[in-house]
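A short reminder: the numbers here are calculations on the coordinates, not readings from a lab. Every value quoted in this text rests on a predicted model; they were computed, and no experiment measured them. Cβ coordinates were reconstructed from backbone atoms using ideal geometry, including for glycine residues, and neighbour counts include every protein chain displayed.
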Amino acid sequence: MDKEQLADFLRRRREALQPGDVGLPKGLRRRATGLRREEVSALAQMSTDYYNRLEQQRSTQPSPQILTALAHALRLTTDERDHLFRLAGHTAPPRHTPSEHVSPGLLRILDRLDDTPAQVISDLGEIFSQNRLAIALLGDHTHFTGPERSFIWRWFTDPSAREIYPPADHDHHSRVQVADLRSAVGRRGRDFRADALVSDLRSASEEFATLWDAHKVAVRRSDHKRIAHPLLGIVELDCQILVAENEAQRLLIFTAPVGSEGAQQLQLLSVLGIQDFEVPTDTR
């Protein structure tokens, strides 16, 4: 671990970012160049004290999980992420397999979407990042661990995961998710995580096993969704999907036609914000 170079790299990358680059308001009386340390620590979901110690060369060796969170918070490119890992004394994650390092391009778009729900999701259904309105509309899905990180897993094993859609739409979403997962498994080839997810789902869900054996394949590029919100009722939205270059990550953007009831509901959601809605959130 090269503490001096690690501290210098973190500081310079922090100072190179502006609040707008990460979806934060600029605010008044900003004297610091770039982002503040507490802003980076908040984006990386770690304590400000620990981040301060990293920049002050006083920390112990950060774990790969912490480095991944910092790479996300600082919007590092893949080359910069690999450099960060090496400075911290770790082997950089392999590039030939899908990773949890969110595409900087998708993140830049997500950071600028403050008037419509949007989230970055992997081809295995893991939600990596959500903006404020996505959390208000769908709940916070970024803190799950283990198999439950995959929304596909929760959809077929946890009945509460289906509450965000009307019962009449459940069959459609089941078929779409399985067909899309089929495509992802084919692209990934011999991938342990994808194979384990399918194997575990086949054992846990008869519905999934039946749909999987039908061998339907379809890449999800867009969809029309009806979201069952606890206070707004049914919100009808179009879901547009932008795919990263490696095809392992997508940016889902939820929009509604101008003047529609869905557009009015999104406007209300934007005005009232997250705290005014009791959106079910499970952080297991």
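Determine, for each peptide in 250-262, 126-138, 166-178, the mean count of other beta carbons within 10 angstrom over its residues, then list the peptides with the highest first.
Those peptides, ordered most packed to least, come out 126-138, 250-262, 166-178.
Relative contact order of region 3-87: what whole-number percent is it, with Cα pairs under 8 angstrom and at least 6 residues apart?
Once normalised by length, the contact order is 36 percent.
Using only Cα positions of region 26-146, each an equal point scatterer, no hydration layer, compute I(q)/I(0) via Debye at q = 0.16 Å⁻¹ and quote the log10 values to two decimals.
Treating every Cα as an identical point scatterer, log10 I(q)/I(0) equals -0.90.
Assigning unit charges at the beta carbon (Lys, Arg +1; Asp, Glu -1) and nothing else, what dipole magnitude in debye, to the nearest 20, does the chain show about its Cα centre?
It comes to approximately 980 debye.
When the convex hull of the C-alpha atoms of region 104-272 is computed, what volume per residue in Å³ does it have?
Cα convex hull per residue, to the nearest whole number: 116 Å³.
Which FRET efficiency value, to the nearest 0.05, do you get for residue 58 and residue 15 by plugging their Cβ-Cβ distance into 1/(1 + (r/R0)^6) with R0 = 22 Å?
The computed FRET efficiency comes out at 0.70.
When all C-alpha to C-alpha distances in region 3-87 are sorted into bins of 10 Å, what percent of pairs does each bin hold, rounded to whole numbers?
Whole-percent P(r) values from 0 Å outward: 17, 57, 23, 3.
Can you give me the relative contact order of region 104-272 as a percent, contacts being Cα pairs under 8 Å and 6 or more apart?
In percent, rounded to a whole number, it is 25.
Relative contact order of the chain: what whole-number percent is it, with Cα pairs under 8 angstrom and at least 6 residues apart?
This gives 17 percent for the chain.
Determine the distance separating the Cα centre of region 176-216 from the Cα centre of region 103-137; give it in Å without decimals.
Region 176-216 and region 103-137 have Cα centres spaced 24 Å from each other.
Per residue, how big is the convex hull of the chain when only Cα atoms are used? Give it in Å³.
139 Å³
Put +1 on the Cβ of each Lys and Arg and -1 on the Cβ of each Asp and Glu in region 93-217; which of 160, 133, 197 then has its Cα farthest toward the positive end of the dipole?
197
Per residue of the chain, what 222 nm ellipticity follows from adding -39500 (n - 2.57) for every DSSP H run with n ≥ 4, rounded to the nearest 500?
-13000 deg cm²/dmol
Which part of region 100-123 falls in the paramagnetic zone of residue 77, meaning amide N under 19 Å from the point 7 Å along Cα-to-beta-carbon?
Answer for region 100-123: 100-110.
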